[in-house]
1. For region 36-54, what are the residues that are open to solvent by less than 30 Å² (accessible area, probe 1.4 Å) and among the small types (Gly, Ala, Ser)?
2. Restricting the search to region 13-58, which residues are among the acidic types (Asp, Glu) and under 22 Å from Arg98 (Cβ atoms)?
3. So Glu95 ticks every box in (1) out of contact with any strand residue (DSSP E or B) (no Cβ under 8 Å at 6 or more places or on another chain); (2) closer than 18 Å to Leu32 by Cα but one. Which box is left unticked?
4. Restricting to region 185-230, count the residues that are assigned to a helix (DSSP H, G or I), within 20 Å of Thr246 (Cα to Cα) and open to solvent by less than 10 Å² (accessible area, probe 1.4 Å).
5. Look at region 142-190 and say how many of its residues are of a type in the set (Phe, Trp, Tyr) and at pLDDT below 90.
6. Among the residues of region 231-242, which ones are open to solvent by less than 50 Å² (accessible area, probe 1.4 Å) and within 23 Å of the chain's Cα centre (by Cα)?
7. Give region 19-62 a look and list any residue that's among the hydrophobic types (A, V, I, L, M, F, W, C) and either free of Cβ contacts under 8 Å to residues at least 24 places away in the same chain or farther than 16 Å from Ala85 by Cβ (or both), or say none.
8. Could you tell me which residue of region 113-135 is nearest to Leu74 (Cα to Cα), considering only residues that are open to solvent by 70 Å² or more (accessible area, probe 1.4 Å) and out of contact with any strand residue (DSSP E or B) (no Cβ under 8 Å at 6 or more places or on another chain)?
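The values are calculated or read from the model by the stated rules, or taken from the named source; none is laboratory data. What you are looking at is a predicted structure, and each value in this text was computed from that prediction instead of being measured. So basically every Cβ, Gly included, is an ideal-geometry build from the backbone, and we count neighbours across all protein chains shown. Heavy atoms of the whole protein, side chains included, go into the accessibility calculation; ligands, DNA and RNA do not. Shrake-Rupley method; radii C 1.70, N 1.55, O 1.52, S 1.80 Å.
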Amino acid sequence: VETALRFGDGLVRQALTFTVSPGSEDTVAKILADYPSPQARVDETTRLFRTSVFMSGNRVVRAVEVKGDLTAALRFVARQPEIRAVEEALDPYLEEDRHLDDPASAREFFARASLPVVHHMTAAGPRPTADVHRHALLYPVKTGCGPAVASLLARQDELAVNKETAARQTARTLLSSTIFQRDDIVVRLVDLSVPLDRSPALAAGISGRRAAAVLGRLLDLGADGAVIDLSVADGLRRFLADCDMTPITDREAAGH
């Protein structure tokens, strides 16, 4: 899958992912939910657009959307006192040590935490202004299968949007999809016009038995001993319940 940081809607996207010490999840969620929002305007050409934070177990995913220069925006945010306070509050709970006062240590941590965009698509047409459901799905990827999972999901999302467009559906279901992937960590951030369980196959990123079978071979399903069949609705709903991350905060800049 080719990297597509800027595609379709003029936004640049990036995510970070890291793990926290088991047992600290509630404390970390409170830290990440309660901080004051930083100033949105970075400079004449760059502004923060949206920040979405999710957790699954002890894994955190923080996704940002920026209009303009991503690097300038990230540097700007890192200098804001409210963000610095959040990062310092997180430090005791990180599984991987970091020292923000040491530039080399901070750079190494954020380089390892980087979760790049490998695909993004936005459905054509006006976007609804209300009742948009945002979800982050963390896929249980088998060792070495991360790129294949990301590639399959990207193809399936494009097919789904093209199918909806060809059918001239007034109420589009999949509004946008962003796939983040590094090694075997694959996170798919989707905006849907319906609740997740109303269209489980589309929400999961598959259509038809063949795609379900291929994705099933690439994932570590049924870790608790239960068999999950992605080709049937009940299996899809069980799968979605397992990989749907818990939303912690979702902030859009005012007046965007």
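1. Answer for region 36-54, where residues must be open to solvent by less than 30 Å² (accessible area, probe 1.4 Å) and among the small types (Gly, Ala, Ser): Ala40, Ser52.
2. Glu25, Asp26, Asp34
3. So the condition that Glu95 fails would be (1).
4. So the first thing to find is which residues in region 185-230 are assigned to a helix (DSSP H, G or I), and the list is 196-198, 200-204, 208-218.
After this cut, where a residue has to be within 20 Å of Thr246 (Cα to Cα) as well, the list is 196-198, 200-204.
If we keep only those that are open to solvent by less than 10 Å² (accessible area, probe 1.4 Å) as well, we get 203-204.
Total satisfying the criteria: 2.
5. Result for region 142-190: 0.
6. Gly235, Leu236, Phe239, Leu240
7. Hits for region 19-62 are Val20, Ala29, Ala40, Val42, Leu48, Phe49, Phe54, Met55, Val60, Val61.
8. Thr129
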